[in-house]
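What follows is a set of notes on a single structure, which appears directly below.
The values are calculated or read from the model by the stated rules, or taken from the named source; none is laboratory data. Treat the numbers as computed from the prediction; the structure is a model and nothing was measured. Here Cβ is always computed from backbone atoms with ideal geometry, including for glycine, and neighbour counts include all displayed protein chains. Note: accessible area is taken over every heavy atom of the protein model, side chains too, but ligands, DNA and RNA are not part of it. Shrake-Rupley method; radii C 1.70, N 1.55, O 1.52, S 1.80 Å.
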There are 2 protein chains.
Amino acid sequence: MMEQTGAFDPVPKEEILRRIDELKRRMTEGQIDFAVIFQNVDRFYFTGTMQKGMVVIPLNGEPIVFVEKDIERAGEECPLATTPIKSDKEIKDILEEKGVLQGVAGFEFDVLPVSLFERLRKVTGVHRYADASACIKEVRAVKSAFELDQMRKSADILGLVFEKARQIMREGAREIDIDAELTAEGRKLGHQGFLRMRGLNQEMMTITVTSGLTAAMICCADVPIGGAGVTPALPQGSSLKRIGKDVPVLIDYGGGYNGYITDETRAFVTGKLDDVFRKPYEAAREIIADMLNHAKAGMDCTELFVRSHRIAKSAGLEDNFMGYGKGKVAFIGHGLGLEINELPVITGKHHRVLKEGMVFAFEPKFILPGLGAIGMEIDVMVTTSGVERLTSDPIDLIYF
Amino acid sequence: MMEQTGAFDPVPKEEILRRIDELKRRMTEGQIDFAVIFQNVDRFYFTGTMQKGMVVIPLNGEPIVFVEKDIERAGEECPLATTPIKSDKEIKDILEEKGVLQGVAGFEFDVLPVSLFERLRKVTGVHRYADASACIKEVRAVKSAFELDQMRKSADILGLVFEKARQIMREGAREIDIDAELTAEGRKLGHQGFLRMRGLNQEMMTITVTSGLTAAMICCADVPIGGAGVTPALPQGSSLKRIGKDVPVLIDYGGGYNGYITDETRAFVTGKLDDVFRKPYEAAREIIADMLNHAKAGMDCTELFVRSHRIAKSAGLEDNFMGYGKGKVAFIGHGLGLEINELPVITGKHHRVLKEGMVFAFEPKFILPGLGAIGMEIDVMVTTSGVERLTSDPIDLIYF
């Protein structure tokens, strides 16, 4: 059935085992005796399946992959043994029988709602608990060769969508027209359907097209450019505004292949780029070039941010860098993987050392209040000698 | 700016005040002295804006609408006074100054993650607390005239998308091809971009196209028909399967206008409908007709479910009704509004009386394992004398 309905790479068993070992190492450091994993993305990461259920990973012993439904699908996708259950009420007895309920349980406190946590505590019979979310996020921050391959396939979709954008961009089209056409193009290329962002209220559009003014609007989300959206009830993304001459049109698109998300931005213009955008455009180019020349495993993320900030400042564009006024964000890059807000965050605020296998989006953007914005965004993977882009197209301003 | 970027109806002030009054009535019953509302949809519901911040609604006194960003946009959208803050660390002092921190605080425990709750407790200085989510969900279950108007506009998008489906359905197309084209059509009609579903792991595609077998696959989500999806990392929605002859193709689409979601399903076929689907199709039609004839304010939802179940049973289709085996779900309908899983749930399991202004999707569907599925889904609003459909097109099987 699967070959008929999808085309994807299953997560290899040795990969799953490596991830679990790495989690156990972090759990030991965090004094957690067993992890109770409920969120769908985390479960997929540690088991290869997202079928309904729960996973318990004890420090000493095999992981227990509880599956409510569909057990057959889970069996095809997950290389570990699965434990079918009719309801979560069976979980406690099974855990007790296996002697798992000793010590401190780790839960995903960053995503697990209070009432669901209370329920899970009851169905697992847990008494002592701690937050396991940092452990999980640290493990997920470093991508394996398998994951990098998935991310490249996600970037392939993204690259083809930007290629299509070059063909369909037109003056007078509304932002949502371009949005609709490119989203459809991506979906036909096998895009998974939507992008995931971790945490309550964290919502992400697959694509955001902004043109001039709409790129300069302050967004409720923690992004430098979020778009106006079409309603206060979903106040981000493309709007009904028509694309005009001489101002930058930004397309921020996310690929999605086998769960893995890529996230890049290209700038387009028709006519002549208004002079006011020229200097910020050159500064964004310079920041990208500087990052590509300097970033590598072992570097502290704050150093990357500080270098970028310095370039923006010497161009006299400090106020416009990564937002203006209340719209300013504190980062220039963010980790990517199964979710769009993974580690590392490239910010001046928190120290974190880049490691081989980390993947991040890097997005120098300048916002000119009342006028628009310009900049670009590329995804890179970290190696010991530098970084490698996930896409290969030029990031120059595209004239249409 | 707004008229250029979006086309929507702002939430009227008297509407907001009525919602807050209704919440206060429920809070009194639930012995909650002030509600702390953080989730974006709930905030939008009680303030008209989704800009970043938090809302505190005391039983005695005016609501305090804290806004981090964008305060100007919030001011345009929210008819109440707003309180600008630079960070949530200012909240406690303001609440103390206003004398709000007396008694029991109500939080959204059904969606608020544990670590975020701990943070909110700290920034608000709350000591005693309770779960306010039931209060909020009960208020939101009954739609006002304004909301029904938004839902009709959402249904208009949906109706036009199904009209387009009649034109583009074709043998040999992949499910995702139809998905992509119809999603694009909806977006160009002003669709908000995605559909919201309340709770962790609750994910919803804007559209799901299933053809034959893929409609019969058991889905990890709590839906009778979820589709195969294109990857185990997002195991629902349309797949790469090609549309064939003589088996039903189901299109389940959600409109989205100004936050309000509609959710309907139509069945299509090319060639001749395989005889095995004929009886279930007729039974689904009969169940719809029965519901339209009998549902009205004052009726218990369990009665609606039991009536439907009885029709399925007398057709000899009890085993196939609303899923087969482990794929069976316990409901035939669900409330709709700003989220796709609102109250009421039309199930045999929990009593709930239909009230004037409730809106629900009603979806008799029959799953034939290894073959496919057939059925339909319509949205209705409850009146004192019956129910009214939100769309007006015929729900007969559509030949293409």
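General remarks:
- Restricting segment B:25-122 to trypsin sites (Lys or Arg not before Pro) in coil, as DSSP defines it, with at most 15 other Cβ within 10 Å: B:86, B:98
- Those residues of segment B:140-184 for which accessible area with every protein chain present is at least 40 Å² below the isolated value (1.4 Å probe): B:176, B:180
- Reduction of at least 20 Å² in accessible surface, 1.4 Å probe, comparing all protein chains with the chain by itself, residues of segment B:309-336: B:326
- If you plug the beta carbon distance of residue B:21 and residue B:246 into 1/(1 + (r/R0)^6) with R0 = 60 Å, you get a FRET efficiency near 0.60.
- A viscosity of 1.306 mPa s and a temperature of 10 °C, combined with the Kirkwood radius over C-alpha pairs in the Stokes-Einstein formula, give the protein assembly as shown a diffusion coefficient of 58 µm²/s.
- Candidates per trypsin sites (Lys or Arg not before Pro) in segment A:170-216, loop by DSSP, up to 13 other Cβ within 10 Å: A:170
- Per-copy distances of the residue B:383 label point, shortest first, in nm (7 angstrom along Cα→Cβ): 6.9
- Of all chain B residues, the one whose Cβ lies closest to the rotation axis that maps B onto A, given with that distance rounded to whole Å, is B:184, 2.
- For the segment B:238-245, counting C-beta atoms of other chains within 10 Å of every residue's C-beta and taking the mean gives 3.
- Segment residue B:160-residue B:13, length gained on full extension (0.36 nm per residue, minus Cα span): 49.8 nm
- The distance between label points at residue B:350 and residue A:127 comes to 3.2 nm (points 7 Å beyond Cα on the Cα→Cβ vector).
- Taking the accessible area of the protein assembly as shown, probe 1.4 Å, and keeping the other protein chains in place, the carbon and sulfur fraction comes to 49%.
- Nearest 10 degrees, 0 to 90: helix B:114-124 Cα axis against chain B principal axis: 30
- Rounded to 0.05, the FRET efficiency of the residue B:389 and residue A:102 pair, given R0 = 45 Å and the Cβ-Cβ distance, is 0.20.
- When residue A:148 is represented by a point 7 angstrom out along its Cα-to-C-beta vector, the spacings to that point in the other copies are 6.0 nm, nearest first.
- Residue-averaged beta-carbon neighbours from other chains (10 angstrom radius) around A:361-371: 0
- Probe 1.4 Å, all protein chains present, accessible-area order of A:191, A:309, B:350, largest first: B:350, A:309, A:191
- A DSSP coil position with no more than 11 other Cβ atoms inside 10 Å describes the following trypsin sites (Lys or Arg not before Pro) in segment B:301-384: B:349.
- A Förster radius of 41 Å combined with the Cβ-Cβ distance from residue B:28 to residue B:326 puts the calculated FRET efficiency at roughly 0.45.
- Within a straight-line Cα-Cα reach of under 18 Å, residue B:245 can be paired with the following lysines, leaving aside sequence neighbours fewer than 8 residues apart in one chain: B:272.
- Interface between chains A and B: roughly 6700 Å² of accessible area buried, both sides summed (probe 1.4 Å, protein heavy atoms only).
- Exceeding the 18 Å Cα-Cα cut-off - candidates A:24/A:122; A:153/B:241; B:24/B:52; A:328/A:365; A:241/B:153: A:24/A:122; A:153/B:241; B:24/B:52; A:241/B:153
- Zone residues, segment A:264-280, relative to residue A:292, backbone N less than 15 Å from point 7 Å out along Cα-to-Cβ: A:265-267
- For residue B:15, the label point sits 7 Å beyond Cα toward Cβ; its separations from the matching points on the remaining copies run 4.7 nm, from shortest to longest.
- Among the residues of segment A:206-235, those with an accessible-area drop of 40 Å² or more from chain alone to full protein complex, heavy atoms and 1.4 Å probe, are A:217, A:218, A:220, A:230, A:231, A:232, A:233, A:234, A:235.
- Couplings 3J(HN,Hα) for segment A:353-366, derived from phi with the Karplus relation 6.51 cos²θ - 1.76 cosθ + 1.60 (θ = phi - 60°), are 8, 5, 10, 4, x, 6, 10, 9, 8, 10, 9, x, 9, 10 Hz, where x marks Gly and Pro.
- A helix-only calculation puts chain A at -10000 deg cm²/dmol for mean residue ellipticity at 222 nm, using -39500 (n - 2.57) for each DSSP H run of at least four residues, averaged over all residues.
- The residues of chain B present an accessible area of 36 Å² per residue when probed at 1.4 Å with all protein chains retained.
- Candidate aspartates and glutamates for bridging to residue A:86, where Cα separation is under 13 Å - those fewer than 8 sequence places away on the same chain excluded: A:68, A:70
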